[in-house]
Amino acid sequence: MRAESHRGWEPIYRVVCRIPRRRVATYGQIARLAGLPGHARQVGYALHALPDGTSVPWHRVVKADGRISPRSATDWSFEQRRRLEAEGIAFDDTDRLDLARCRWRPRSTST
DNA sequence: TGCTTGACATAAT
DNA sequence: CATTATGCCAAGC
């Protein structure tokens with residue numbers, strides 16, 4: 001944790017950090033859990049502001065389709081997929097992961 | 001101080 | 001199924 005504690009992204013980083021291994025969440029889901037329903041876009045932007053050696057598991061955040069978001073640098077998108085596969089998450093021929101199976105299901109939005 | 005951009009989501013075409 | 005248009009908020013210039 002360092003620069004990830006910017007300001008308004010704090011609730012977002014907080015939720016992302018709570019994603020357990022072997023599980024992935026969508027931007028919309030993160031936004032909702034962070035208390036910002038409909039602000040999925042801000043979630044993506046928050047992750048974009050993360051530094052390289054961040055403690056936030058940004059690689060566990062994918063799009064609603066289960067595909068990896070096409071960010072500025074394609075190299076990092078591949079890195080994300082690599083990390084997810086390392087956790088045991090498999091991808092389909094369409095570059096999509098089994099959201100129905102890997103979707104993170106938090107019990108409560110606090111504590 | 002105000003406009004533009006940006007790791008998205010959803011509905012419509 | 002792919003593309004287009006709109007909403008949302010914060011950071012950058």
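The values are calculated or read from the model by the stated rules, or taken from the named source; none is laboratory data. Given the structure is predicted, the values throughout are model-derived calculations rather than measurements. Reconstructed Cβ throughout: ideal geometry from the backbone, glycine too, with neighbour counts over all protein chains shown.
Take A:Gly53 and decide whether it is loosely packed, with under 14 Cβ neighbours inside 10 Å and within 15 Å of DNA strand C (Cβ to nearest atom). So A:Gly53 does not fit the description; no. Scan segment A:2-10 and tell me whether some residue there is under 18 Å from A:Pro106 (Cβ atoms) and in contact (Cβ under 8 Å) with a residue 12 or more places away in the chain. No; the residues of segment A:2-10 include none that is under 18 Å from A:Pro106 (Cβ atoms) and in contact (Cβ under 8 Å) with a residue 12 or more places away in the chain.
Summed over segment A:14-48, the residues that are within 13 Å of DNA strand C (Cβ to nearest atom) and loosely packed, with under 15 Cβ neighbours inside 10 Å give a count of 6. So which residues in segment A:56-75 are without any contact (Cβ under 8 Å) to a residue 40 or more places away in the chain, part of a helix (DSSP H, G or I) and buried (at least 17 other Cβ atoms within 10 Å of the Cβ)? Selection gives A:His59 alone. Within segment A:94-108, not a single residue is touching a helix residue (DSSP H, G or I) at 6+ places or on another chain (Cβ under 8 Å), within 12 Å of DNA strand B (Cβ to nearest atom) and modelled with pLDDT under 90. Can you confirm whether segment A:51-60 contains a residue that is within 7 Å of DNA strand B (Cβ to nearest atom) and under 19 Å from A:Cys102 (Cα atoms)? Yes: segment A:51-60 contains one or more residues that are within 7 Å of DNA strand B (Cβ to nearest atom) and under 19 Å from A:Cys102 (Cα atoms).
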